[in-house]
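In what follows, a single structure is set out as C-alpha coordinates and then discussed.
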Ligand SMILES: [Zn+2]
(Lines give C-alpha, C1' and ligand atoms only; values in the text may rest on other atoms or scores of the structure.)
Protein backbone atom coordinates (compact mmCIF):
# COMPACT_ATOMS: atom_id res chain seq x y z
CA UNK A 1 0.00 0.00 0.00
CA UNK A 2 1.32 3.41 -0.96
CA UNK A 3 2.13 5.83 1.83
CA UNK A 4 0.13 9.07 1.97
CA UNK A 5 1.95 12.17 0.80
CA UNK A 6 2.05 13.70 4.30
CA UNK A 7 4.06 10.76 5.48
CA UNK A 8 6.93 11.86 3.25
CA UNK A 9 6.53 15.51 4.23
CA UNK A 10 7.44 14.81 7.86
CA UNK A 11 10.26 12.30 7.83
CA UNK A 12 11.91 13.48 11.06
CA UNK A 13 9.64 11.54 13.40
CA UNK A 14 10.35 8.39 11.53
CA UNK A 15 14.08 9.03 11.48
CA UNK A 16 13.95 9.06 15.27
CA UNK A 17 12.31 5.67 15.22
CA UNK A 18 8.88 6.93 16.19
CA UNK A 19 5.94 6.13 13.98
CA UNK A 20 2.23 6.63 14.03
CA UNK A 21 1.90 4.23 16.95
CA UNK A 22 4.05 6.49 19.13
CA UNK A 23 2.03 9.52 18.08
CA UNK A 24 -1.16 7.75 19.12
CA UNK A 25 0.26 6.59 22.47
CA UNK A 26 1.58 10.07 23.19
CA UNK A 27 -1.86 11.58 22.52
CA UNK A 28 -3.46 8.95 24.75
CA UNK A 29 -0.96 9.57 27.54
CA UNK A 30 -1.31 13.35 27.46
CA UNK A 31 -5.10 13.03 27.38
CA UNK A 32 -5.01 10.85 30.51
CA UNK A 33 -2.41 12.90 32.31
CA UNK A 34 -1.95 16.39 30.85
CA UNK A 35 0.50 17.66 33.48
CA UNK A 36 4.24 17.07 33.76
CA UNK A 37 4.80 14.18 36.17
CA UNK A 38 8.33 15.25 37.08
CA UNK A 39 7.22 18.80 37.93
CA UNK A 40 4.51 17.36 40.17
CA UNK A 41 7.21 15.42 42.05
CA UNK A 42 9.34 18.48 42.71
CA UNK A 43 9.46 20.14 46.10
CA UNK A 44 7.47 22.34 46.04
CA UNK A 45 5.41 20.72 43.26
CA UNK A 46 5.00 22.66 40.04
CA UNK A 47 1.99 22.49 37.74
CA UNK A 48 3.26 22.44 34.17
CA UNK A 49 1.55 21.29 31.00
CA UNK A 50 3.27 18.22 29.60
CA UNK A 51 4.17 18.25 25.91
CA UNK A 52 6.36 15.15 25.66
CA UNK A 53 5.75 11.46 26.21
CA UNK A 54 9.02 10.47 27.83
CA UNK A 55 10.25 6.89 28.00
CA UNK A 56 10.74 6.08 31.68
CA UNK A 57 13.31 3.42 30.82
CA UNK A 58 15.26 4.88 27.88
CA UNK A 59 15.05 2.91 24.64
CA UNK A 60 18.85 2.84 24.62
CA UNK A 61 18.67 0.93 27.91
CA UNK A 62 16.18 -1.59 26.63
CA UNK A 63 12.95 0.22 27.49
CA UNK A 64 9.83 -0.64 25.52
CA UNK A 65 9.11 1.88 22.76
CA UNK A 66 5.41 1.32 22.21
CA UNK A 67 4.32 0.60 25.77
CA UNK A 68 2.30 3.27 27.52
CA UNK A 69 3.40 1.89 30.90
CA UNK A 70 6.95 2.89 29.97
CA UNK A 71 5.85 6.44 29.14
CA UNK A 72 5.31 9.45 31.35
CA UNK A 73 4.06 12.96 30.48
CA UNK A 74 6.79 15.57 30.95
CA UNK A 75 7.47 19.17 29.95
CA UNK A 76 10.42 20.04 27.73
CA UNK A 77 12.71 21.37 30.52
CA UNK A 78 12.20 18.17 32.55
CA UNK A 79 12.72 16.05 29.45
CA UNK A 80 15.98 17.82 28.63
CA UNK A 81 17.17 17.49 32.22
CA UNK A 82 16.36 13.78 32.32
CA UNK A 83 17.93 13.12 28.92
CA UNK A 84 21.16 14.74 30.04
CA UNK A 85 21.19 12.74 33.24
CA UNK A 86 20.55 9.55 31.29
CA UNK A 87 23.39 10.36 28.91
CA UNK A 88 25.72 11.76 31.56
CA UNK A 89 26.30 14.83 29.40
CA UNK A 90 26.33 18.54 29.98
CA UNK A 91 23.72 20.70 28.34
CA UNK A 92 24.38 21.52 24.71
CA UNK A 93 21.37 22.74 22.76
CA UNK A 94 21.26 21.17 19.34
CA UNK A 95 17.73 21.14 18.08
CA UNK A 96 14.76 23.40 18.10
CA UNK A 97 11.46 21.96 19.30
CA UNK A 98 8.13 22.82 17.75
CA UNK A 99 5.05 23.89 19.68
CA UNK A 100 3.88 20.29 19.72
CA UNK A 101 7.05 19.18 21.54
CA UNK A 102 8.61 17.39 18.60
CA UNK A 103 12.11 18.28 17.47
CA UNK A 104 12.23 20.37 14.35
CA UNK A 105 14.81 19.10 11.92
CA UNK A 106 16.17 21.39 9.27
ZN1 LIG B 1 8.33 19.33 34.11
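The values are calculated or read from the model by the stated rules, or taken from the named source; none is laboratory data. Computed from a predicted model, the values in this text were never measured in an experiment. So basically every Cβ, Gly included, is an ideal-geometry build from the backbone, and we count neighbours across all protein chains shown.
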The correct count of residues that are touching a strand residue (DSSP E or B) at 6+ places or on another chain (Cβ under 9 Å), within 16 Å of the ligand (Cβ to nearest atom) and either part of a strand (DSSP E or B) or modelled with pLDDT under 95 (or both) in the range 43-73 is 9
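If I filter the range 79-99 for residues that are surrounded by 13 or more Cβ atoms within 10 Å (Cβ to Cβ), part of a loop (DSSP other than H, G, I, E, B) and either within 16 Å of the ligand (Cβ to nearest atom) or at pLDDT 90 or above (or both), do I get at least one hit? Before you say what the answer is, go through the steps one by one.
Filtering the range 79-99 down to residues surrounded by 13 or more Cβ atoms within 10 Å (Cβ to Cβ) leaves 79-84, 86, 97.
Cutting the leftovers down to part of a loop (DSSP other than H, G, I, E, B) gives us none.
No, the range 79-99 contains no residue that is surrounded by 13 or more Cβ atoms within 10 Å (Cβ to Cβ), part of a loop (DSSP other than H, G, I, E, B) and either within 16 Å of the ligand (Cβ to nearest atom) or at pLDDT 90 or above (or both).
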Quiz item: Residues in the range 30-42: is at least one surrounded by fewer than 18 Cβ atoms within 10 Å (Cβ to Cβ), modelled with pLDDT of 85 or more and away from the ligand (no atom under 16 Å from the Cβ)?
Solution: yes
Worksheet item: Does the range 6-22 contain at least one residue that is at pLDDT below 75, part of a loop (DSSP other than H, G, I, E, B), surrounded by 14 or more Cβ atoms within 10 Å (Cβ to Cβ) and away from the ligand (no atom under 16 Å from the Cβ)?
Response: yes
